[in-house]
Amino acid sequence: MGNNIGQDFLSNSIQEFAKLKKLTDKAMAQLEPKDYHWQPDKESNSIAIIMKHLSGNMISRWTDFLATDGEKPNRNRDDEFIDDIDSVEGLMAAWERGWARLFETLSGLTEEDVLKTITIRNEPHTVIKAIIRQLAHYGNHVGQIIWISKHLKSDAWQTLSMPRRK
């Protein structure tokens with residue numbers, strides 16, 4: 001760590017978001033196309049729904065991040081919870097669009113930006129608080145995707161980190 005705490009925070013945040021994406025991508029690489037739409041029950045979200053929701057959230061939150069509310073008026077959050085993207089290619093395109101927006105925005109922030117105030121749903125947040133909020137939110141959903149993937153693959157699951165007892 002250097003003397004630029006704000007820049008260190010931004011760099012570390014980018015690394016943590018990248019780790020979340022990498023874990024999720026490794027889990028989803030083990031899936032069959034039908035697996036993206038599996039739900040443990042009618043009230044639970046499929047991987048496809050979680051991917052669509054995260055993409056919508058990322059595009060809304062990270063577009064014009066410093067200038068406009070993170071909940072954009074054109075976002076239809078409820079539609080994100082409808083499993084209507086049939087192809088893995090369509091899901092992956094939406095997934096990559098969201099992550100690209102996030103990384104583009106974070107990479108453009110400066111140390112001076114971290115203590116600025118932005119809004120999410122009309123609630124003020126420092127940039128630091130907003131980034132931590134999104135890390136927690138995305139981490140929750142990444143965990144869901146990994147749990148579903150691991151459940152579906154069962155004995156064929158390939159661990160994403162160090163295997164147990166090794």
Open item on the list: Applying a 10 Å radius around every beta-carbon, put 113-121, 140-148 in order of their mean neighbour count, most first.
Closed with: 140-148, 113-121
- [ ] Can you bin the range 5-155 into rounded, prolate or oblate? Criterion: square roots of the alpha carbon gyration tensor eigenvalues sorted a ≥ b ≥ c, rounded for a/c under 1.5, prolate for a/b above b/c, oblate for the rest.
- [x] prolate
Task: the chain - mean residue ellipticity at 222 nm from DSSP helices (-39,500 (n - 2.57) per run, n ≥ 4, rounded to 500) - done: -18500 deg cm²/dmol
TODO: Mind giving me the FRET efficiency for Leu160 and Leu66? R0 is 30 Å, r the Cβ-Cβ distance, nearest 0.05 is fine.
DONE: 0.35
TODO: Can you tell me the 0 to 90 degree angle between the C-alpha axis of helix 127-153 and the longest principal axis of the chain, rounded to 10?
DONE: 10 degrees
Open item on the list: Using only Cα atoms and rounding to the nearest 10 degrees, what angle (0 to 90) does helix 88-108 make with the longest principal axis of the chain?
Closed with: 20 degrees
Task: Selected from His37, Phe9, Tyr138, residue furthest toward positive end of dipole (the range 5-155; charges at beta carbon) - done: Phe9
- [ ] Putting +1 on Lys and Arg Cβ atoms and -1 on Asp and Glu Cβ atoms, find which of Ile50, Ala94, Ser107 reaches farthest to the positive end of the dipole of the range 5-155.
- [x] Ser107
Open item on the list: Quick check: the angle from helix 47-62's long axis to the longest principal axis of the chain, C-alpha only, nearest 10 degrees?
Closed with: 10 degrees
TODO: Given the peptides 41-54, 86-99, arrange them by the average over their residues of other C-beta atoms within 10 Å, most packed first.
DONE: 41-54, 86-99
Task: Point-charge dipole on Cβ atoms (K/R +1, D/E -1) for the chain, about Cα centre, debye to 20 - done: 660 debye
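Values quoted throughout were computed directly from the atomic coordinates according to the rules given, and no laboratory measurement underlies them. Since this is a predicted model, take the numbers as computed values, not measurements. In this analysis, Cβ positions are derived from the backbone assuming ideal geometry, glycine residues included, and neighbour counts consider all displayed protein chains.
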